[in-house]
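Quick note: the coordinates plus some simple rules give every number you see, no bench work behind them. As the structure is a computational prediction, the values presented were derived from the model and not from experiment. Here the Cβ is made from the backbone with ideal geometry for all residues, glycine too, and neighbour counts use every protein chain on show.
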Amino acid sequence: MKSFEEAIAILSGISGSFGKERIYLEEADDRILAENIYADRDYPPFNRAAMDGYAIMQEDWEKGIRTYKIIETIFTGQPARYALSSGNCYKIMTGAATPEMANAIIRREDAEESENQVTLRAGALKNYQNIALKGEDSNTGSLLLSAPLKCTPQVIALLATVGKATVEVYKRPKVAIITTGDEIVSPAAGISPFQIRNSNQYLLRSLLSQWKIRPVLCTHVDDHKEKLTSILSAALETDLVIINGAVSAGDADHVPAVLQELGVKTLFHKVSIRPGKPILIGKAISGAIVFALPGNPLSCLSTFIVFVEHYLYRCSGYEARPIQMLPVLKSRTKKHPLTEFFPVALGHSGGLSPISFNGSGDVTATIQAHGLAMQPAASLQLHKDELITFYPFNPSFYSPL
Ligand SMILES: Nc1nc2c(c(=O)[nH]1)N[C@H]1C(S)=C(S)[C@@H](COP(=O)(O)OP(=O)(O)OC[C@H]3O[C@@H](n4cnc5c(N)ncnc54)[C@H](O)[C@@H]3O)O[C@H]1N2
Ligand code: MOO
């Protein structure tokens, strides 16, 4: 049986980018940026008025001049027409370009305007008071966004700022989801006492939607070898096949045998982890990568987070799935030699609180969780405040540094 680290190394070896594509910015939400982005000009591009008010020369103020002639009103998007000279000022609007000679703006609230004159009230002026200096945010040519990077709302806004109407992003794999099991029924169907609703299909769909991936095939199949063979052979036309259930040791667990018959090379079957030990990862003759995830709800989620997402991050130009090292807030013991993943809540202190649960069949264990944490195979006891590996559920908010 492979260790977790060996399994991840094997997966890294067979995964990488599917190439890049150029898309409209409107479609870029949550996609992974594949090009570095540089400032096309200085930001701000001119000395920008930060307040509605009156722009003067600070030297005039220091000379004691308090009443100024308004020589021009400057609105946004237009240059000033007249040069500033001593005793004069501009009336200026927030966001307008402040001409070079003006080096302080006094707010409208601190002014008394009459006719084309204004009397200003203020204490000592700061140099460039209420003016955002050209280039103070970033200079032309400076690196603003470094790929790969998830297109969060802030990233999208910056792309728009620098005039990227289209952007290069990593291509996504074509995905098939196949859930299995005689006992599994759709949430819409009637249910008998010994049946279970198909939560994992919805879990997998939803996890993939965070990657903006809509499966090209999403179906359920009973524990019937021939039916499974027929659906799987169609699924192998995609890039990434995610199967759920029927992968362990039971008489109805046909997935490993069917995959073998279809020529899928097993990269590994069973990894010394909990939950998710029965996981199988293989590679088809077509090149498709097959993840057969165990059926228990927490095993399905956990193996998606640590294996499928690792693969998806590698398809998106990342080396690995983002993780963080954070302190665990309670000691924790285990008796087995497996690497264990358990749900944790991230507290205000930045520490991780393990969430108690019965086992990988629990359906509520992860609702309060912000991610999974890892207890390494050899570590039978985690001590309070020990740094442990955290796998956040939504790593876009935790960009790797
Ligand atoms: N003799 C052994 N038995 C088991 C082993 C083992 O190593 N030796 N491993 C155990 C572990 S660990 C797990 S996890 C499960 C995984 O089994 P399968 O992947 O074959 O999954 P199933 O047997 O089909 O289902 C397990 C469990 O999950 C429920 N399930 C399945 N599909 C769904 C779905 N789409 N939505 C919601 N729930 C689902 C299913 O009803 C079962 O309760 O095997 C252990 N056994
Ligand atoms: O993966 Mo199993 O979840 O240990 O029950």
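Under a Cβ-Cβ cut-off of 15 Å, what is the net charge of the residues other than Asp42 that fall near it, where Lys and Arg count +1 and Asp and Glu count -1?
Cβ neighbours under 15 Å give a net charge of -1.
Say R0 is 25 Å: what FRET efficiency, to the nearest 0.05, do Ile10 and Gln368 get from their beta-carbon distance? Walk me through the intermediate numbers first.
On the way: r = 33 Å, r/R0 = 1.33.
Taking R0 as 25 Å, the efficiency between Ile10 and Gln368 is 0.15.
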Note to self: C-alpha centroids of the stretch 91-128 and the stretch 288-311 sit apart, in Å, by 61
Label-point separation in nm, Ala188 to Glu62, each point 7 Å along Cα→Cβ: 7.6
For the stretch 57-166, what is the convex hull volume of its Cα atoms per residue in Å³? 144
Solvent-free Debye scattering, log10 I(q)/I(0), computed from the Cα coordinates of the chain at q = 0.06, 0.09, 0.12 Å⁻¹: -0.40, -0.68, -0.93
Let me test this: with uniform point scatterers at the alpha carbons of the stretch 331-399, what is the Debye-based log₁₀ I(q)/I(0) at q = 0.18, 0.21, 0.25, 0.27 1/Å? -0.70, -0.94, -1.26, -1.37
If amide H atoms are modeled at 1.01 Å from N in the peptide plane, then the residues at a separation of 5 or more from Glu72, or on another chain, having amide H under 5 Å from its own are Lys91
Take the stretch 102-176, drop everything but the C-alpha atoms, weight them equally and run the Debye formula without solvent; then report log10 I(q)/I(0) at 0.15, 0.19, 0.22, 0.28 Å⁻¹ to two decimals. -0.75, -0.91, -1.05, -1.37
Using Cα centres only, tell me the gap between the stretch 189-220 and the stretch 248-268 in whole Å. 21
Tilt of helix 225-235 relative to the longest C-alpha principal axis of the chain, in degrees (0 to 90, nearest 10)? 30
Rounding to the nearest 10 and keeping the result within 0 to 90°, find how far the Cα-based axis of helix 4-13 lies from the longest principal axis of the chain. 70
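If each DSSP helix of 4+ residues adds -39,500 (n - 2.57) and the sum is divided by the residues in the chain, what number results at 222 nm, nearest 500 deg cm²/dmol? Show your work: numbers first, answer last.
Values: 8 runs with 67 residues, N = 401.
Result for the chain, helices only: -4500 deg cm²/dmol.
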Of the listed links Lys212/Lys265; Lys20/Lys283; Lys69/Lys126, those spanning more than 24 angstrom between alpha carbons are Lys212/Lys265
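Excluding Ile242 itself, what net charge comes from residues whose Cβ is under 15 Å from its Cβ, given Lys and Arg +1 and Asp and Glu -1?
On the way: positive: Arg172, Lys174, Arg205, Arg214, Lys283; negative: Glu237, Asp239, Glu309.
Neighbour charge sum, excluding Ile242 itself: +2.
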